[in-house]
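The values are calculated or read from the model by the stated rules, or taken from the named source; none is laboratory data. Here the structure is a predicted model, which means the values were calculated and not measured. Cβ coordinates were reconstructed from backbone atoms using ideal geometry, including for glycine residues, and neighbour counts include every protein chain displayed.
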C-alpha cells in the first residue's frame, strides 16, 4: 500500500497540470477555400478564338442543322461540329468551329449564323468549313451578359474569358465563418459570363434545315432569332455575309422554339403555341395562339395541322407527356383535335405522311400520320435517349444523348440504323 499511493498522487498532479495548461491555450481553427480570380481580355481578344480547327469529339451536343451535305451540330456553349454527311453510312467529323457561349445556329448561302458568349450574333463564312472566316458581328442583340457602357468599340470593352483558381487557407475564430468574395478588381463594363464556366426551315437548297428545338429560323431573306425567350430579333440576311438587324419584337410569353412555314412563324412557349404572320417580313404580328398546361414544347406544322410535344422533367416544371395535334385551318383560333400520350417527347419532324417523334429514353418513334385521328405506329427504335430529329430523302438524322444516329427509312418495312457518331464524356 505504501508503494501504490505515492504513484497515484503523482499521476493526479500531472493530470491537474495538463488540464490547467490546456485551459490557457487559445482555440485555432482554419478553413481552406477556392478563390477564383477572373481573367480579363478585350472583346477583340476574346473574339479572336472564333475560328475553325480539326474535328473534335462530341461531348454535349445541343442543336442540329442540316445544310447541303453537311450536318452542323452545336456543342453546348462551346461551338459547332461540322460533319461531312456525303455518305450517311459513313459520316466524317471534319471540323470544329470554336464559338464560346454558342447555343443556336442556322445557315444560308454558306454563311453560318450563331449566337456567342457576349450577346452578339456572328456571321461566319463556311464555304470551306475547315477555314471558317468571321464576316460580321451584330453586337448585343441577345439579352446581353454585360454592359459595355458608352462604347461598342471591341478594343475598349473588357470581358471575362477565364478564371484562375487557387486554394487559400485562412485562420478563423472558432464558431465564426468568414464571408467569401471573388478576388479581382472592379471592372466597369465587364461581363460576368464565361462560356465554359461553373425544324424544318422554309426555303430552297441554299438555306439550312433546323431541328424543331431551334431558337433560330430562316424564312426567305430574314433570320428570326429568339433572344432568350423574351423577343424576336429580325435580321435581314438578303446579303448573307452582311446581316443587318431591322427589328426587335417583344414577346409576352417565355418562348423556347421557332419554326417557319410559308409566311408564318410557329413559336413554342412554356404555356402554349403562338402563330405570327410575317407577310411583312420585318414586322412579325401575332395572329393566333393555343394555350396548354405549363411545360416545354417544340412545334412543327404541315400547313393543315400543328404538332406540339409536351414533356415533363424540364425547367418549365410541367408534368405532362403527350403529343397535341391541332387544326390550324383558322390560324387565329387553332383547335385541339387529338392528344396522344407519350413517355417524354421532345423534338419532332414530318416527311409526307410520316411523323417522327423523339420520345426521350424510348428513342425514336415513327408513325403513319395520314389519319390524324389514328396515328399508326410504324417503327420504334429504343436503346438511346432521343432529343431531336431531321428527316428527308429517306434518311432520319437523330440527335441523342449518346451520339448522332442516322436511320434509313426509304423502305418503311425495313427501317434500320446505318451510322452513329458517339458522344465522349468530357474529361474532368
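Quick check on residue 228: is it at pLDDT 75 or above, part of a loop (DSSP other than H, G, I, E, B), within 17 Å of the chain's Cα centre (by Cα) and over 20 Å from residue 36 (Cβ atoms)? When the stated conditions are applied, residue 228 passes them. Among the residues of segment 83-93, is any at pLDDT 85 or above, outside any strand (DSSP E or B) and on the phi > 0 side of the Ramachandran plot? No, there is no match, as no residue in segment 83-93 is at pLDDT 85 or above, outside any strand (DSSP E or B) and on the phi > 0 side of the Ramachandran plot.
Tell me whether segment 140-161 contains one or more residues that are at pLDDT below 55 and within 21 Å of residue 60 (Cβ to Cβ). The answer is yes; a qualifying residue exists. Kindly evaluate residue 130 against the criterion of being crowded, with 21+ Cβ neighbours inside 10 Å, at pLDDT 75 or above, touching a strand residue (DSSP E or B) at 6+ places or on another chain (Cβ under 7 Å) and not in a loop (DSSP other than H, G, I, E, B). The answer is no for residue 130. Within segment 69-80, the residues that satisfy the criterion of being closer than 20 Å to residue 213 by Cα and over 14 Å from the mean Cα position of the chain (by Cα) are 70, 71. Can you find, within segment 38-64, the residue that is modelled with the lowest pLDDT among those that are loosely packed, with under 14 Cβ neighbours inside 10 Å and part of a strand (DSSP E or B)? Only one residue tops the list, namely 39. Note on segment 272-302: among residues that are in a loop (DSSP other than H, G, I, E, B) and at pLDDT 95 or above, the one that is nearest to residue 342 (Cα to Cα) is 302. Inside segment 355-374, residues that are within 20 Å of residue 303 (Cβ to Cβ) and surrounded by fewer than 19 Cβ atoms within 10 Å (Cβ to Cβ) make up a count of 5. The combined condition, being crowded, with 22+ Cβ neighbours inside 10 Å and closer than 26 Å to residue 387 by Cβ, is fulfilled by residue 107.
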